[in-house]
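To start, the structure itself, in structure tokens.
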Amino acid sequence: MRRRTLLTGLTAGLLAAGSTNAFASDRRVLHVRPGGSVQAAVDAVDGPGWTIVVHPGTYREVVNVPADKAELTIRGASCEPRDAVIVFDHANGTQKPDGSGTYGTAGSATFTSAAPGLLVRDLTLANDWLRADHPEITGTQAVAAYTYGDRTHFENVRLLAHQDTLFVETTALTSFDRQYFHHCYIEGDVDFVFGRATAVFEDCHFHTLQRDVTFTPKGMVFAPSAARANPYGILALRSRITSGAEDAAYKLARPWVPSYETTAWPSLVVRDTRIGPGIDPVTPYTNMREQYPWQTMRFGEFRNSGPGAVITVPENRPQLTAQEAASHTKATYLGDWRPRA
């Protein structure tokens, strides 16, 4: 007999279920329904291997998954990520209500996780803060997801924001945490995939937004910041890049060397990917700071296609040889980790 109990002290709409035919495993399951709280469900997790099922609806809240919630799955109840949306609207320059200062870039995130072995699937994570609504704020980074646990896996997830949409980071400067994004949709404008993690994007769709500014470039897709000791950084393979802006309005990437880690040696490889006309094919890379020119970074491309991948000035588009490309694969980046379905 199926038995379902209401968890005492949690917001209405959050249910706990034992092992049932619907979830044929020994995993404990929490259900979050409209009116409930995803964060309350995370707080209720008391060991590894839990699953949180988020039912269709919009959940306006900030969600933080601490490191002790290992091997957690957070998934939408349907296979359509648009059905379940977690969204909030903090920016870097947003003042905290306690008067202690602003949130900062990392603190602006709608969804944050430090948990190893995290699986997020079939959800939308969004930050809907808009520059136009807050002209008084200059810190306009507004993160949808900030992840820094090893073996983080996003499957069929939509990530929506403008500047700094997805922050792929590591637990420490000396750690090389691995993250895998499969069949995900990621949109933004400035540096909207950034960080120092070993991050693999496979069969993903990156989309640059139209932006109401008169200058170009209007933004960049990637801003990697891998540690010098890490042989790998960000890898995009078998993906596509589209744009809502005019042709050549965006750059593919610029290197990020943070002020707190000036020894960083950003690494980015884009391979077997269709790059649309929104990316400038002549000069697809640019600098964030002149003292760290992109030409000195570990940038490479291999077998890309589309109008944004046309090689007109070879020195502006470093191409990998087949031998070099053989070391930039999902298997080499993820090592002994095989992401679970």
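The values are calculated or read from the model by the stated rules, or taken from the named source; none is laboratory data. Just so it is clear, the structure is predicted and the values come from calculations on it, not from any experiment. No Cβ is skipped: glycine too gets one built from the backbone with ideal geometry, and neighbour counts run over all protein chains shown. Protein only, heavy atoms only, side chains kept; ligands, DNA and RNA dropped before computing areas. Shrake-Rupley method; radii C 1.70, N 1.55, O 1.52, S 1.80 Å.
Checking the structure you have, find out if any residue of the range 319-336 is more than 25 Å from Lys218 (Cβ to Cβ), among the β-branched types (Val, Ile, Thr), touching a Phe, Trp or Tyr at 6+ places or on another chain (Cβ under 8 Å) and outside any loop (DSSP other than H, G, I, E, B). Steps first, please.
Going through the range 319-336, the residues more than 25 Å from Lys218 (Cβ to Cβ) turn out to be 319-336.
Then drop every residue that is not among the β-branched types (Val, Ile, Thr), which leaves 321, 329, 332.
Now drop any that are not touching a Phe, Trp or Tyr at 6+ places or on another chain (Cβ under 8 Å), which leaves 332.
Next cut, outside any loop (DSSP other than H, G, I, E, B) only: 332.
Taking every residue of the range 319-336 in turn, at least one turns out to be more than 25 Å from Lys218 (Cβ to Cβ), among the β-branched types (Val, Ile, Thr), touching a Phe, Trp or Tyr at 6+ places or on another chain (Cβ under 8 Å) and outside any loop (DSSP other than H, G, I, E, B).
Filtering the range 308-326 down to residues that are touching a residue at least 24 places away in the same chain (Cβ under 8 Å) and of a type in the set (S, T, N, Q), which residue is farthest from Val270 (Cα to Cα)? Spell out the reasoning first.
Quick first cut of the range 308-326, residues touching a residue at least 24 places away in the same chain (Cβ under 8 Å) only: 308-313, 316-317, 320, 324-325.
Then drop every residue that is not of a type in the set (S, T, N, Q), which leaves 312, 316.
Numbers: Thr312: 17, Asn316: 14 Å.
So the residue we want is Thr312.
Quick one: count up the residues across the range 246-255 that are open to solvent by less than 40 Å² (accessible area, probe 1.4 Å), of a type outside the set (Gly, Ala, Ser) and more than 16 Å from Pro307 (Cα to Cα).
The total comes to 1.
Hey, among Ser259, Ser267, Ser243, which residue is polar (S, T, N, Q) and within 17 Å of Ala199 (Cα to Cα)?
Details: Ser259 fails: within 17 Å of Ala199 (Cα to Cα); Ser243 fails: within 17 Å of Ala199 (Cα to Cα).
Ser267 is the lone residue from the list that is polar (S, T, N, Q) and within 17 Å of Ala199 (Cα to Cα).
Residue by residue through the range 302-336, note down the ones that are surrounded by 12 or more Cβ atoms within 10 Å (Cβ to Cβ) and either touching a helix residue (DSSP H, G or I) at 6+ places or on another chain (Cβ under 7 Å) or among the charged types (D, E, K, R) (or both). Full working, then the answer.
Applying the first criterion (surrounded by 12 or more Cβ atoms within 10 Å (Cβ to Cβ)) to the range 302-336 yields 302-311, 316-320, 324-325, 327-330, 332-334.
Matches in the range 302-336: Phe302, Arg303, Arg317, Glu324, Lys330.
Given the residues Ala144, Ala132, Ala109, Ala115, which is the only one that is among the hydrophobic types (A, V, I, L, M, F, W, C) and open to solvent by 20 Å² or more (accessible area, probe 1.4 Å)? Outline the logic, then answer.
Values: Ala144 fails: open to solvent by 20 Å² or more (accessible area, probe 1.4 Å); Ala109 fails: open to solvent by 20 Å² or more (accessible area, probe 1.4 Å); Ala115 fails: open to solvent by 20 Å² or more (accessible area, probe 1.4 Å).
It is Ala132.
Has the range 60-77 got any residue that is out of contact with any Cys (no Cβ under 9 Å at 6 or more places or on another chain), polar (S, T, N, Q), modelled with pLDDT of 95 or more and over 27 Å from Pro339 (Cβ atoms)? Quick ask: steps written out before the conclusion?
The initial filter retains those residues of the range 60-77 that are out of contact with any Cys (no Cβ under 9 Å at 6 or more places or on another chain), namely 60-77.
Then keep just the ones that are polar (S, T, N, Q); that gives 64, 73.
Adding the requirement that they be modelled with pLDDT of 95 or more leaves 64, 73.
From what is left, the residues that are over 27 Å from Pro339 (Cβ atoms) are none.
Looking for residues that are out of contact with any Cys (no Cβ under 9 Å at 6 or more places or on another chain), polar (S, T, N, Q), modelled with pLDDT of 95 or more and over 27 Å from Pro339 (Cβ atoms), one finds none in the range 60-77, hence no.
Could you tell me which residue of the range 278-287 is farthest from Ala236 (Cα to Cα), considering only residues that are surrounded by fewer than 19 Cβ atoms within 10 Å (Cβ to Cβ) and within 23 Å of the chain's Cα centre (by Cα)? Spell out the reasoning first.
Taking the range 278-287 first, the residues surrounded by fewer than 19 Cβ atoms within 10 Å (Cβ to Cβ) are 282-283, 286-287.
Filter once more, keeping what is within 23 Å of the chain's Cα centre (by Cα): 286-287.
Details: Thr286: 18, Asn287: 20 Å.
That would be Asn287.
Exactly one of these conditions fails for Thr58: (1) hydroxyl-bearing (Ser, Thr, Tyr); (2) more than 17 Å from the chain's Cα centre (by Cα); (3) surrounded by 20 or more Cβ atoms within 10 Å (Cβ to Cβ). Give me its number.
(3)
Would you check which residues across the range 61-100 are basic (Lys, Arg) and open to solvent by 30 Å² or more (accessible area, probe 1.4 Å) and list them? Spell out how you get there, then give the answer.
Step one: filter the range 61-100 for residues basic (Lys, Arg), giving 69, 75, 82, 96.
Within the range 61-100, Arg75, Arg82, Lys96 meet the criteria.
Restricting the search to the range 246-267, which residues are of a type in the set (Gly, Ala, Ser) and part of a loop (DSSP other than H, G, I, E, B)?
Within the range 246-267, the subset of a type in the set (Gly, Ala, Ser) is 248-249, 253, 259, 264, 267.
Of everything in the range 246-267, those that are of a type in the set (Gly, Ala, Ser) and part of a loop (DSSP other than H, G, I, E, B) turn out to be Ala248, Ala249, Ser259, Ala264.
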